[in-house]
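Structure record follows, encoded as C-alpha cells.
No value in this document is a laboratory result; all are computed from the given coordinates. No experiment lies behind these values; they were computed from the predicted model shown. Cβ atoms come from the backbone with ideal geometry, glycine included; neighbour counts cover every protein chain shown.
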Amino acid sequence: MAKKKYVYFFGDGKADGSADMKNLLGGKGANIAEMTNLGIPVPAGFTITTEVCTYFYEHSQKYPLGLKKAVAQALKKVEKSMSAKFGDPKNPLLVSVRSGARVSMPGMMDTVLNIGLNDTTIQGLIAKTGNERFAYDAYRRFVNMYGDVVMGVRPETEKEHDPFEEILEAKKKKRGITLDLELTAEDLKELVAEFKALIKKRLGKPFPEDPMDQLWGGIGAVFESWNIPRAISYRQIHGIPEGWGTAVNVQAMVFGNMGDDSATGVAFTRDPATGENYFYGEYLTNAQGEDVVAGIRTPQPINRAKKVPKGMMTLEDEMPKLYKQLAGIRNKLEKHYREMQDIEFTIQQGKLWMLQTRTGKRTAAAAVKTAVDMVKERRISKEEAVTRVSPDQLDQLLHPTLDPKAAKDKIAKGLPASPGAAVGQVVFSAEEAEEWAEKGKKVILVRVETSPDDIRGMNVAEGILTSRGGMTSHAAVVARGMGKCCVAGVSDISVDYKKSRFTAGKVVIKEGDWISMDGTKGEVYKGEVAKVEPKLTGDFGTFMKWADEIRVLKVRTNADTPHDSGVARAFGAQGIGLCRTEHMFFEGERISAVRQMILAEDLAGRKKALNKILPMQREDFVGIFRAMAGLPVTIRTLDPPLHEFLPDIKDTKEINALAKEMGVKPAYLKKKISSLAEFNPMLGTRGCRLGISFPEITEMQARAIFEAACQVAREGKRVLPEIMIPLVSHVNELKLQRAIVEQVAKEVMGKQGVKIKYMVGTMIELPRAALTADEIAAEAQFFSFGTNDLTQTTFGMSRDDTGALLASYVANDILPKDPFVSIDEPGVGKLVAMGVQKGRSTRPGLKVGICGEHGGDPDSVDFCHRVGLDYVSCSPYRVPIARLAAAQAALKHRPAKKAAPKKTAPAKKKAPAKKKAAKKK
Ligand code: PEP
Ligand code: MG
C-alpha cells in the first residue's frame, strides 16, 4: 500500500498540491500551492494536511508515523529554495506556522511568526540584514508570541493585564518614551531576556532555544487551536463541521518591516463592499502583516482609484514598479480563478511576495454585482453566476435602509466598511451585546477595534462601530461576512470603556443611548433614524432573472393582506400559496361577531352572526384578488383552535358586554365557554374540524371568496382561487368540506352569471394524511404540505413550547438542526415524499406545494426540488431567497449531460445524476 502523504511542499515555481485540494491542504495551503504553480512569487514552505489534525485528535494528540521525517525533508527543500538554513548561526532561515482550514476562519486560530530565532541565530539575522534593531524587534515579538500562543503565558484573570505588555510598558516608562518605535536595539535585547525570564518564572521551564523544538511547539499549538473556544464559536455560527480539522502551513518568513523599502498589505481584486471592478487595497510601509489587519495603524490605499485623503501617499505613488507587478498579479489571479480574490502581500526590501489568495468575502450587493459583471466580462456563465451568491446572504438586500429623507443628526464619519443600516442602543463589550440582545434589545457594538474574541457579540449586534482600523480590519472583514452594517476607523470619536461612553466632538453617547449608522456612507447619527424599503432593480433584477430562467420550482407567498400580497409580488411571488383567513376574524368588531357565532344557541343565531362577517371577509378577498390578478391564490378555510376566539371566562366586564349584545344571560355564556374548553386545543377543535362542527363557517367563507372572485372578474381581472381545507386526517373530512364549497360556488356563480375556474384541495399536515394521501387525492385537486404541523405531529413536539428544548438538542448533537426551521428529511421528509408519490398515484400530475415555514429555508427548498413539488410558498421577504435557492437546487441536481452516442452500439439512456443530500454551506 502506498504510504500516505502528510506533507506537501511548495516553492521555486512548483508545488505538490493545487487549488482543488482544499479538503486536504486547507484553503490557504491549496491556494498557495496554486499561486506557486502559476509562477507567482511565493515564499517557499510546506503544508501539513488536515488528515494529520484529525489523526492528532483521534490519537490523544499524537502525530502519525513518518510525519517527523516528512517535515524534515520538506524543510530541507525550503532551505534550498530560500538559500538559508534553519538554525544556522550565520544564515538562518525563519519560518511562520499558520493554520488553514477548508474555509477561511479569519483570526480564529493561532499563528506563530519568526520561528527559528535564538540567541545564536539572532547574530546571523543581524549580519544578514545589517539591522540590529530590526532583528531584536523580530526576536522580542517572537518570544512574546511564542510565550503566549504555544506556552500559554497570558493573563490569568480577566482583570490582569497581558504580562508581556506590562514588561514592555515598564521598559518604555523607564526610558521615558511612549512609542514602541523609540525603543533601541539594546532595549529590545533586554526585553527578550526579560520575556524569557517571565516564561521561566511562570512555567518553571525555559523558553526553547532549539529551533526544531520551537517548530514542533508551533505546529502543535496550531493544531490545538482548532479546538479553542473562539474557533468553536465561529464554527457553530458558520456551520463548519468539527471533523474537517485544520491544515498547518509552515512557510519561510518575509518581512515588511525591514525599512522604508518594505511594506505589507491586504487587497481585494474588486471592491468587497460594492463589487465595483477596480483594484482595492490597503498597505502600510515598514510594518508587519498583523498591523494592517489588527487596525492599530490606519493604513493607506494602494492606488488612487477612489478619492484619497489629502496628503496621503499610495503604493502606486511610493513604489510604482512594485505596484505594477502587484496589479499584474491581480489580473492573473482573477483570470485564473474567475472569482474575486482577497490577497495578502509583503514587500521585503524592494521584492514583492504573495502570501495568500482566497475567495474574497463580500457583501450581498457586491456578490450580486460581481456575479453579473463577470458574466458581462465573459469570465463565467449565467449558471455559474447564480451559484455565486448564497440565498441567505440575499437577505441583506431585502431589508430596509435609512430613509434618505429622514432628519438626521450626524455626529461622526468613518469608513463605509460594511453597508446597510443599523439602529440600536450602544454597548461597549461583546458580553454586554449578548446579554442585551438576549433581552430582546437591539444593540450597536462600539469598540476601539474588535478581536476574534468579540465574535459572538458581533453576531447578535445590529451593527458594529470602531474608532480604529481600516476597510480590512477585523471588524470590517467579519461584519461583511456576517452581512452586518459596520462603520470602522471613525477617528472623530473617542471611546472610553471605563466610563461606558464615547464622545464625538461635544456630543457624549452613553451606554444604552440610541444611535443609527449608514454602513454604505460610513456615517453615524444620534438617535433613531427611520428606515425605507429596498429597491430591487438593476443588477439584482438581472441576477434574479437568470435564477428564474434556471429554476423548476415555482415560488409563491404566504400572505393574508393586500399589502403583503403586493410586497410579495414585487419580490417575484408567482401567487399566494397560503392565505390564512383567521387574522381577518380578529380585526375590530369582527371578533364580537365571531364570538356570537360560536356561542349562539342555535343555527339561526350562528347564521345571523356570520352574516355580519361576510361582507368584511369579502372585502379582504377582493383586495387580495386584485393584488394577485392573473396569479393563483390559495385561501385556507378557518384553522385555529376554538378557544382563541373566546373571551376569558374571568373577564366579567367582557362577558357582560357580550351577553348583552347577544341577548343572553352572562351565566349562560360562562357555562357555554367552559363547555368548549379543551385540554389540548392544538389537537382539538381546529382546522377542518371547526368547519365540520360549524359548516356555516365554511359556507360563509366560500361565499365571501366566490362573491369577491366574481366581483374582481367583472372588473376584467383574472382570478384563480384555490380553496384549501386544513388539518385533514381522513378523506371523509375533505369530502364533506369540499361538498360545501362546491355547492356555494355553483350557487354564487349561477346568481352572478360569472364563471370562475377554481380548485378545492387540502393541506397535508398530519401523518395520517400523508399515509393515506392516495385516498385523499381522490377528493383533492391539489396538496399543500403544512410542514409546521406535520413536524409537530411527527415529532410529537409542540411547535409553541419546544424552542429551548430543540436548541439544546441541536447544541448536544441529538438533532442536526431545528426541524421547525429546516425540514427533517429522514422523518418528516419521508412523509412528504410518500404523500407526493401516493397522491400522484391516484391523480397523475397532482399539483403539490409546501406552505410551512420550510418553504423559505434554502436547504428545505433543495429538498422540495428533489421530491418534485410544483412550488414552495414562503413569507414575502423570503420570496427572492427561495427563488435563488430553487435555481441553485436545479443546477445542483441537474441530470448529467447525455454522453455522445456511440456509432456502433445503440445509445443507452443515462441515469440522472445521483441526488445528494442537502448540505449547509
Ligand atoms: C403548517 O402547519 O405548516 C401551516 C402552514 O399552517 P399553520 O402554520 O397556519 O398551522
Ligand atoms: Mg398548520
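Treating only the Cβ of Lys, Arg, Asp and Glu as charged (+1, +1, -1, -1), what charge dipole size does the chain show about its Cα centre? Round to the nearest 20 debye. Walk me through the intermediate numbers first.
On the way: 138 positive and 113 negative charges, 679 e Å.
With Lys and Arg at +1 and Asp and Glu at -1, about 3260 debye.
Can you figure out the FRET efficiency of ARG338 with LYS499, using R₀ = 35 Å and their beta-carbon distance, to the nearest 0.05?
Details: r = 51 Å, r/R0 = 1.46.
Computed FRET efficiency for ARG338 and LYS499: 0.10.
Once the Cβ-Cβ distance between LEU181 and LEU805 is put in as r, and R0 is 41 Å, what FRET efficiency do you end up with, to the nearest 0.05?
That pair, LEU181 with LEU805, gives E of 0.15.
Give me the orientation-averaged projected area of the Cα convex hull of the chain, in nm², one decimal.
Values: hull surface 188.9 nm².
Directional mean of the projected Cα hull area for the chain stands at 47.2 nm².
Tell me, Kirkwood radius of the range 630-744 from alpha-carbon pair distances, in Å?
Values: mean 1/r = 0.0614 Å⁻¹.
Answer for the range 630-744: a Kirkwood hydrodynamic radius of 16.3 Å.
For the range 407-419, what does the Karplus curve 6.51 cos²θ - 1.76 cosθ + 1.60, with θ = phi - 60°, yield as ³J(HN,Hα) per residue in whole Hz, taken in order and with x for Gly and Pro?
Here the 3J(HN,Hα) series is 5, 9, 10, 6, 10, 6, 9, x, 8, x, 6, 8, x Hz.
Once you order the gyration tensor axes a ≥ b ≥ c over the Cα atoms, which shape class does the range 443-536 get: rounded for a/c under 1.5, otherwise prolate or oblate by comparing a/b with b/c?
Verdict is oblate for the range 443-536.
Taking Cα pairs under 8 Å and at least six residues apart, what relative contact order does the chain come out at, in percent?
Numbers: 1873 pairs, mean separation 75.8, N = 921.
For the chain, the relative contact order is 8 percent.
Of LYS757/LYS847; LYS22/LYS892; LYS441/LYS510; LYS442/LYS510; LYS746/LYS838, which pairs sit farther than 18 Å apart, going by alpha carbon to alpha carbon?
Where the Cα-Cα span goes over 18 Å, the pairs concerned are LYS22/LYS892; LYS746/LYS838.
Please go through the range 75-123 and write out the trypsin sites (Lys or Arg not before Pro) that DSSP classes as loop and that have at most 15 other C-beta atoms within 10 Å.
LYS90
Which value, in debye to the nearest 20, gives the size of the charge dipole of the range 1-55 about its Cα centre, when Lys and Arg are +1 and Asp and Glu are -1 at the Cβ?
For the range 1-55, the charge dipole is close to 160 debye.
Hey, got a sec? Which GluC sites (Glu not before Pro) in the range 487-590 land in a DSSP loop and have at most 14 other Cβ atoms within 10 Å?
Sparse-neighbourhood loop GluC sites (Glu not before Pro): GLU528, GLU587, GLU589.
Can you pull the one-decimal nm distance between simple spin-label points at ASP492 and THR120, each 7 Å off the Cα toward Cβ?
Result for the modelled spin labels: 5.9 nm.
Report the GluC sites (Glu not before Pro) located in the range 673-727 that are in a DSSP loop and have at most 16 other Cβ atoms inside 10 Å of their Cβ, or state none.
Numbers: sites: GLU678, GLU696, GLU699, GLU707, GLU715, GLU722; in loops: GLU678, GLU715.
Passing sites in the range 673-727 are GLU678, GLU715.
Taking the Cα centre of each part, how many Å lie between the range 600-624 and the range 338-402?
Answer, in whole Å: 56.
What are the semi-axes of the equivalent ellipsoid for the range 279-376, taken as the square roots of 5 times the Cα gyration tensor eigenvalues, largest first, in whole Å?
Equivalent ellipsoid semi-axes, largest first: 24, 16, 14 Å.
Highest mean first, what order results for 498-506, 330-338, 192-200 on Cβ atoms within 10 Å? Don't skip to the end; give the middle numbers.
Values: 498-506: 14.4, 330-338: 16.0, 192-200: 17.7.
So the peptides 498-506, 330-338, 192-200, ranked by packing, come out 192-200, 330-338, 498-506.
Between the alpha-carbon centers of the range 15-76 and the range 661-733, tell me the distance in whole angstrom.
Using only Cα atoms, the two centres lie 66 Å from each other.
If the limit is 19 Å between Cα atoms, which of LYS85/LYS200; LYS324/LYS351; LYS76/LYS205 go over it?
LYS85/LYS200; LYS76/LYS205
Lysines near LYS660 by alpha-carbon distance under 24 Å, same-chain residues fewer than 8 away left out - which ones?
Leaving aside lysines fewer than 8 places away in the same chain, those within reach of LYS660 are LYS607, LYS608, LYS612, LYS650, LYS670, LYS671, LYS672.
Compute the Cα gyration tensor for the range 17-82, then decide on rounded, prolate or oblate, letting a ≥ b ≥ c be the square roots of its eigenvalues: rounded whenever a/c is under 1.5, prolate when a/b is larger than b/c in the other cases, and oblate in all that remain.
Taking the square roots of the gyration eigenvalues as a ≥ b ≥ c, the range 17-82 is oblate.
Kindly rank 240-246, 875-881 from highest to lowest mean number of other beta carbons found within 10 Å of each residue.
875-881, 240-246
Per-residue counts of other Cβ atoms within 10 Å, averaged by peptide: what ranking do you get for 438-446, 305-313, highest first?
So the order, starting with the most tightly packed, is 438-446, 305-313.
For the range 466-511 and the range 208-287, what is the separation of their Cα centres, given in Å?
Cα centres, the range 466-511 to the range 208-287: 23 Å.
What FRET efficiency comes out for the pair LYS612/THR537, r = Cβ-Cβ distance, R0 = 51 Å, nearest 0.05?
On the way: r = 44 Å, r/R0 = 0.87.
About 0.70, to the nearest 0.05.
Binning at 5 angstrom from zero up to the longest distance, how are the C-alpha pair distances of the range 1-132 distributed in percent?
Histogramming the range 1-132 at 5 Å steps yields 2, 11, 16, 20, 21, 15, 10, 5, 1, 0, 0 percent.
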